[in-house]
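Report on one structure; see the data block that follows.
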Amino acid sequence: MKRLRRLAILAFGLAATGAAAVPPPPAVLPEGVPATLDGYDLRVLYARWGWWIEGEKGPVTHARAQGPAEAAGLTSMGPPMASYQRSSDYGRFTAGEVRAYCQPLAGQSWRPTPGTCQYLVRWAWVPDEVLDSPERSPVARWMREAFDAPRLVAHLKAIGLGPGTDWWRADVEQVFAGLPSPRPMLRENSRVETVDSRGCPALRQAVDALEGHQPNWRLDLYGPGPNREAGAPAPHSVTTAYSFTTLIGQTSGFTTVSGGAAEQLAAPILDAAWACHLARNPEAARRPAYGPGVLRRP
């Protein structure tokens, strides 16, 4: 377990800012749907409906990105070595993780047999958007078809939410509980990609390079001494939250650390996986935000 336990688990959270993205245009009501119904402004409710659907990509992609318990005859050893979730103005829209798969020692399933470990980078995303053309996007088509205005208004009346409600502050799960959940549709339209270290030597090299690495971190607590303010992300930027897991020093159990130091550890592994994926799928370069590669400011 020495190799895995040294590499495996330090959970760092980081917001890495990518290029700024133009905010989406307002949603347009489907043909035949009135602007208001019984005093309820359906234009606002429909816009909120679209933002909610996009936001639901977060839990769907997170669940889809989780690797299987076994792969190619090897067993997943412990929690993910690394994971990430990427978000925009709408919310999270893609997620991924790195797992170590090894042959367990006989009678000691929590310990890997030395020299048997492989690494799998797996990520999930929903490529279609609610504000795309319904002819092109099944997500946009579902958004329009599932928006049942009379049913929604009847539900809102039943739970005591009147026309004067601030729909952007109201509990969105409660607001749309009377309409179908978008999660089954989003799962059906999600995609999953994987890169295996057996077919990507650079991925193994990036993982191996972290073994025994000793980051040089300086603690800066809020309160005592001068404080350095964390920089804010650019407006409408795409941000990424990274997570790493390992053992630190002689401490027992896994340790979770969050902060900007994570990117320097995440970047080599995820960039290596993304480069291998692009070598096999050059067209993926058109949508870099959906891949595991680290987004950098231009």
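Here are a few things to note about the model shown:
- Length-normalised contact order of the range 2-290 in % [C-alpha pairs under 8 Å, at least 6 apart]: 32 percent
- Ordering P34, G223, C102 by the projection of their Cα atoms onto the charge dipole of the range 2-290, which places +1 on the Cβ of Lys and Arg and -1 on the Cβ of Asp and Glu, puts C102 at the extreme positive end.
- Percentage of interatomic Cα-Cα distances in the range 81-222 larger than 23 Å: 61 percent
- Sorted by Cβ neighbour density within 10 Å, fewest at the top, the residues T113, T75: T113, T75
- Burial order of peptide ranges 119-125, 94-100 (average beta-carbon count within 10 Å, highest first): 94-100, 119-125
- For the peptides 208-218, 234-244, residues were scored by their other Cβ atoms within 10 Å and the scores averaged per peptide; the highest-first order is 234-244, 208-218.
- Two-decimal Rg to Rh for the range 99-159 - Kirkwood Rh, Cα set: 1.46
- The phi-based Karplus calculation (6.51 cos²θ - 1.76 cosθ + 1.60; θ = phi - 60°) puts the 3J(HN,Hα) values of the range 133-144 at 5, x, 6, 9, 10, x, 5, 5, 5, 5, 4, 6 Hz, whole numbers, x for Gly and Pro.
- A82 long-range amide H proximity, modeled H, under 5 Å: V98
- Sequence-separation-based contact order of the range 121-174, relative, with Cα cut under 8 Å and 6+ spacing, percent: 16 percent
- The range 122-168: GluC sites (Glu not before Pro) in DSSP loop, at most 13 other beta carbons within 10 Å: E135
Bear in mind that the values in this text are calculations on the coordinates, not laboratory data. Note that the structure is a prediction, hence the values are computed from the model and not measured. Neighbour counts run over all protein chains shown; Cβ positions are idealised from the backbone, glycine included.
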